[in-house]
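The structure appears right after this line, and notes come after that.
The values are calculated or read from the model by the stated rules, or taken from the named source; none is laboratory data. Model, not experiment: these values are computed from the prediction. As a convention, Cβ positions derive from the backbone with ideal geometry for all residues, glycine included, and neighbour counts pool all protein chains shown.
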Amino acid sequence: MRVVVQGGGRRGRGVGLAGVLWGVAELAVTVGVVVLLLVVHQVWWTNRQALAAAHQQVRNLEREWALPSDPGSDPSTAPVPAASPSVSASGATVASASAEPAPPAGAKAPPAQESAYGVLRIPRLGVVVPVAQGVDKRAVLDKGYVGHYPGTAQPGAEGNFALAGHRNTHGEPFRYINRLRAGDELIVDVRGQRYTYVVGKVLAETSERDTGVIAPVPRSTVRPEYGYGEPGAYITLTTCTPEYTSKYRLVVWGTMRR
């Protein structure tokens, strides 16, 4: 006698579909975990690494400055060779601005490119961060340092001492500079010298191509009502805004306390 079993094919197809759906669900969970780990690495771990390394560099500089040195080696007095500065933050490079004149023959050389030579202190925010020459993303900013725009003035000099720094990840030294207000201090230490600047103006948002903000007399070319009109000794802090994007630039300006 032949026994005919009906419906087995349909159940088999149902089991096969359930298996496929289960596999897709497992894959989605795995991908989600990997993405989460990458986010944790980028947002949390890189911050810890860069912040620790930056603080160690500050300690190294302070120990080095405590040793006897050549009196002619103070980088704060060194002129900057002609270059084309860019309004950069978090590694974004844009159009060139006017550079400063080349130094006369025989003048002292500026700090070595991409080397830390100073310390920026922002008491209101509790920030203590090395200052390095240049604004290269990998060589400077991703180390948790702030970078000095080539072609802008050195600390304490007439002109505009312009700096870039990350707002998010890699130590994020400029994350909260939007909280700075007029009268807050920005202190710059180099070997044997301390320069104190006082925050004067904040430009909450401007284009990444607004190179006027780092000009010797800083004034926005996008929003000309923001900036200064007379020569002086200025400091400029630039970073990306809004947070976790690089669409615009946030700018803080200060003038040196005499």
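Considering only region 121-130, I want to know if a residue exists there that is on the phi > 0 side of the Ramachandran plot, surrounded by fewer than 20 Cβ atoms within 10 Å (Cβ to Cβ) and small (Gly, Ala, Ser). Even if it seems obvious, please write down each step before you answer.
At the first step, the residues of region 121-130 found to be on the phi > 0 side of the Ramachandran plot are 126.
Checking the rest, the ones that are also surrounded by fewer than 20 Cβ atoms within 10 Å (Cβ to Cβ) come to 126.
From what's left, small (Gly, Ala, Ser): 126.
Within region 121-130, one or more residues are on the phi > 0 side of the Ramachandran plot, surrounded by fewer than 20 Cβ atoms within 10 Å (Cβ to Cβ) and small (Gly, Ala, Ser).
Taking into account only those residues within region 193-212 that are of a type in the set (Val, Ile, Thr) and closer than 30 Å to Trp65 by Cα, which is surrounded by the fewest Cβ atoms within 10 Å (Cβ to Cβ)?
Val198
Restricting Arg223, Arg194 to those that are within 21 Å of Ala54 (Cβ to Cβ) and without any contact (Cβ under 8 Å) to a residue 40 or more places away in the chain reduces the list to Arg194.
For region 213-241, the candidate set comprises residues that are over 13 Å from Phe161 (Cβ atoms) and either of a type in the set (Gly, Ala, Ser) or modelled with pLDDT under 95 (or both); within that set, the residue that is surrounded by the fewest Cβ atoms within 10 Å (Cβ to Cβ) is Gly229. None of Gly151, Gly232, Gly147, Gly183 is of a type outside the set (Val, Ile, Thr) and touching a Pro at 6+ places or on another chain (Cβ under 7 Å) except Gly151.
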